[in-house]
Structure formats: structure tokens, C-alpha cells
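The structure appears right after this line, and notes come after that.
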Amino acid sequence: MAQRGSIADLLQSLRAELIDLTQKINELDGEKAEHKLVIETLTPMDPARKCFRLVGDVLVERTVGEFLPAIKHNYDGICGISAQLTKQLEEKEQQLLSLQKKHNLAPSLPPASAAGKETKQKDKEGILVQQE
């Protein structure tokens, strides 16, 4: 009976990890969408044009030419981390499924990656661009 309890604890722990990973992936997907929108907005602009970036609580003035490479670098980093977390999520799902099969337990949650792939598409309503 003690083994049954430890298996249940392990299953619960894996489910919690799946939920945490899914939430983090969704959060990063939102960040990717925001970065991509900024990149698409700034790319056609003059590199000498002034722009502002909020870093923490400080508004920093830079040019588009200085800011665009930094935002592209951040976007690439977010994409890499998101891919790593997605891979970890798939591995945890496989671990959970194999544990359930090993102990003849019915799956109690739908795969988290399937739920995580339902990302929300944001409209471009929140961008203000000053016309010169």
C-alpha cells in the first residue's frame, strides 16, 4: 500500500511539472509574439530614428539601429528557451504515460503539449507608431 501512495505522489508531481512547463511555454509564446511585432514594426524604419525602450522601470532613449539588433537577439533567445521547454514537456509526458502504463493506470490528463499548442493570436491593436 505504501508503494501505491508513492506512485500517486510521483504521478501528481509529474502532472504539476507538466502544468508548470505548459504555463511557462505559453508565457514565452506571448513574449515571442510581442518581440516579433516590435521587430516587424521597427524593421522598415530609418535606423537613425529615435525610439524608446522600457528597461525595468527606466525608459531608455536609443535609435532604431541600436535597438533592433538587441530585440532580435532577445527574440532568438526566447525561441531557443521555448524549444528546450517544449522538448522537456514532451519528455515529461512520455515519462508520465510510461508510468501509467507500467502500473495499469488510466490517463487522467490530456497531453499538456496539446493544450499548450492552442496559442492565442494577438491583433496588432496595441502598437502606436508616430508618423513623420
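The values are calculated or read from the model by the stated rules, or taken from the named source; none is laboratory data. A quick note: this is a predicted structure, and the numbers were derived from the prediction, not measured. No Cβ is skipped: glycine too gets one built from the backbone with ideal geometry, and neighbour counts run over all protein chains shown. Areas reflect the complete protein model, heavy atoms only, side chains present, ligands, DNA and RNA absent. Shrake-Rupley method; radii C 1.70, N 1.55, O 1.52, S 1.80 Å.
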Selection from segment 51-63 of residues out of contact with any helix residue (DSSP H, G or I) (no Cβ under 8 Å at 6 or more places or on another chain) and surrounded by 11 or more Cβ atoms within 10 Å (Cβ to Cβ) yields 60, 62, 63
Quick check: anything in segment 69-88 modelled with pLDDT under 55 and open to solvent by less than 60 Å² (accessible area, probe 1.4 Å)? no
Only one of 59, 68, 96 is over 17 Å from residue 39 (Cβ atoms) and assigned to a helix (DSSP H, G or I), namely 96
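Yes/no matrix, rows are residues, columns are (1) touching a residue at least 24 places away in the same chain (Cβ under 8 Å); (2) out of contact with any Asp or Glu (no Cβ under 6 Å at 6 or more places or on another chain):
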{"site": "7", "(1), (2)": "yes, yes"}
{"site": "25", "(1), (2)": "yes, yes"}
{"site": "37", "(1), (2)": "yes, yes"}
{"site": "40", "(1), (2)": "no, yes"}
{"site": "46", "(1), (2)": "no, yes"}
{"site": "58", "(1), (2)": "no, yes"}
{"site": "63", "(1), (2)": "no, yes"}
{"site": "92", "(1), (2)": "yes, no"}
{"site": "101", "(1), (2)": "no, yes"}
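To keep it simple, each residue is scored yes or no on (1) under 30 Å from residue 66 (Cα atoms); (2) part of a helix (DSSP H, G or I); (3) hydroxyl-bearing (Ser, Thr, Tyr).
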| residue | (1), (2), (3) |
| --- | --- |
| 11 | no, yes, no |
| 19 | no, yes, no |
| 22 | no, yes, yes |
| 25 | yes, yes, no |
| 31 | yes, yes, no |
| 36 | yes, yes, no |
| 45 | yes, no, no |
Going through segment 6-42 one residue at a time, which ones are open to solvent by less than 80 Å² (accessible area, probe 1.4 Å) and β-branched (Val, Ile, Thr)? 7, 22, 25, 38, 39, 41
